Amino acid sequence: MIKLVDLLLEISQNKMVVMAGGAGAGKSYLLNKVKSKLPDIKILNPDTYVEDKDSPMYNNLTKASAQIDDVDVPNTINSGESFIWDTTASNAAKMLGGEYRRKQVKGILNTEGYDEMMVMVYTHPMVSFLRNFKRERKVPTVGVLSTWNNVYGNIEAYKNKLGDNFILYQAPDKEYQKEIDAFNKAIAENKLQEYFTNLLSTGEFTSTFRKERPTDQTPEEIAKAEKAKEQSKALLGAQIDKLEKEFMNIQSKVKDSVITDENEVVNKIVSFIG
């Protein structure tokens, strides 16, 4: 028999929606749809700081993300507000619990007093890449690919944790079919490294977070900059290798459970928050 006190607790439970996904996946578009139906819902998004020219975190994604993760999310939870958190969810330990920043954490999705839902917006890696470089704020290629690998590599972990409160949504991407086919062909031929080398050699895909080198650098500063450049190149190569190995596996997981109707997803979020 259900007790009245249990019903009251269920009704008063606060709601947390984690809007997850890689760069250029389409999270902002979906959030705007939710916002139109829930105009008063609190949304936590690092872009609020990154895109504000009056903010000390303007164009600094690292600091803006830290502000959201370390200050805004905890403060919102302490205040007992329902909210939507626009993040990548690329770090499973931060979300589910485990070692995070050399400390053991319980995980945001284990927060007492909250019901949690995750809406993961999926997109093909090539679509994520191209959409990222069409935006005013362009994340480096290595950031796009590493986020894609880490976010969608955690699909099973989030699904196991949240059950029916884990929603996987894929936005339309037919406008990029030519590029998707070219990427898939490179994967099939084990030539993804070559594919990205040729793509990036055009100079078309440059990050807005890239800092220009001063013209008056010392030999030591030049050597340090060259070393950093080589390290970045090695990191990018490693992420491309990882993508080549995991892409087909992730695609198969998505195929089995993805929702493509945006209205269905928006209604699920609105219904959950209440």
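Just so it is clear, none of the values below were taken in a lab; they were calculated from the coordinates. This is a predicted model, so every value here is computed, not measured. Here the Cβ is made from the backbone with ideal geometry for all residues, glycine too, and neighbour counts use every protein chain on show.
Roughly speaking, what is the stretch gain from residue 197 to residue 135, that is 0.36 nm per residue apart minus the C-alpha to C-alpha distance, in nm to one decimal?
Between residue 197 and residue 135, full extension yields 20.2 nm more.
Using the Karplus relation 6.51 cos²θ - 1.76 cosθ + 1.60 with θ = phi - 60°, the per-residue 3J(HN,Hα) values for region 135-149 come to 7, 5, 9, 10, 6, x, 4, 4, x, 4, 6, 5, 5, 4, 4 Hz, with x marking Gly and Pro.
Take residue 184, project a point 7 Å from its Cα along the Cβ direction, then tell me which residues of region 231-268 have their backbone nitrogen under 15 Å from it. Flagged as within label range: 247-256. Computed from backbone phi with θ = phi - 60° and the Karplus coefficients 6.51, -1.76 and 1.60, the 3J(HN,Hα) list for region 267-273 is 5, 5, 5, 4, 5, 5, 5 Hz; x is used for glycine and proline.
Phi angles of region 201-207 translate, via the Karplus equation with coefficients 6.51, -1.76, 1.60 and θ = phi - 60°, into HN-Hα couplings of 5, 6, x, 6, 10, 10, 6 Hz per residue; Gly and Pro are given as x. Once backbone amide H atoms are built at 1.01 Å from N, residue 44 has 84, 85, 86 as its partners under 5 Å, excluding neighbours fewer than 5 places away on the same chain. When 131, 102 are arranged by Cβ crowding within 10 Å, least crowded first, meaning fewest neighbours, the order is 102, 131. The long axis of helix 177-188 is offset from the longest Cα principal axis of the chain by roughly 70 degrees.
Contact order normalised by length for region 41-83, with contacts defined as Cα pairs under 8 Å and 6 or more residues apart; what percent is it?
On the way: 38 pairs, mean separation 17.9, N = 43.
RCO, region 41-83: 42 percent.
In this structure, the amide hydrogen of residue 122, modeled 1.01 Å from its nitrogen in the peptide plane, lies closer than 5 angstrom to those of 169, 170, 171, counting only residues at least 5 positions away or on a different chain. Potential lengthening of the chain between residue 101 and residue 241 amounts to 47.9 nm, from the contour at 0.36 nm per residue minus the alpha-carbon distance. Counting neighbouring Cβ atoms within 10 Å and putting the fewest first, the residues 106, 94 line up as 106, 94.
Report the residues of region 121-145 in range of a label on residue 259: point 7 Å along Cα→C-beta, backbone N strictly under 17 Å from it. Hits in region 121-145 for residue 259 at 17 Å: 121-123.
Exposed loop sites here mean GluC sites (Glu not before Pro) with a DSSP loop assignment and at most 16 other beta-carbon atoms within 10 Å; the chain contains its longest site-free run at 213-274. Annotation: amide H-H contacts under 5 Å for residue 51 (H modelled 1.01 Å from N, sequence separation of 5 or more, or interchain): 59.
Cross-linked pairs 174/255; 27/224; 174/245: Cα-Cα separations exceed 27 Å for 27/224. Taking a straight line from the alpha carbon of residue 185, these aspartates and glutamates sit under 17 Å away, with near neighbours fewer than eight places off in the same chain left out: 194, 241, 244, 246.
For the pair residue 252 and residue 62, label points projected 7 Å from Cα toward Cβ lie 3.8 nm apart.
What are the chymotrypsin sites (Phe, Trp or Tyr not before Pro) within region 49-105 that DSSP puts in a loop, where the Cβ has at most 14 other Cβ atoms within 10 Å?
Counting only loop positions with at most 14 other Cβ atoms within 10 Å, the chymotrypsin sites (Phe, Trp or Tyr not before Pro) in region 49-105 are 58.
Would you work out if the chain is rounded, prolate or oblate? Take a ≥ b ≥ c from the square roots of the eigenvalues of the alpha-carbon gyration tensor; rounded if a/c is under 1.5, else prolate when a/b is larger than b/c, oblate otherwise. The shape class here is prolate.
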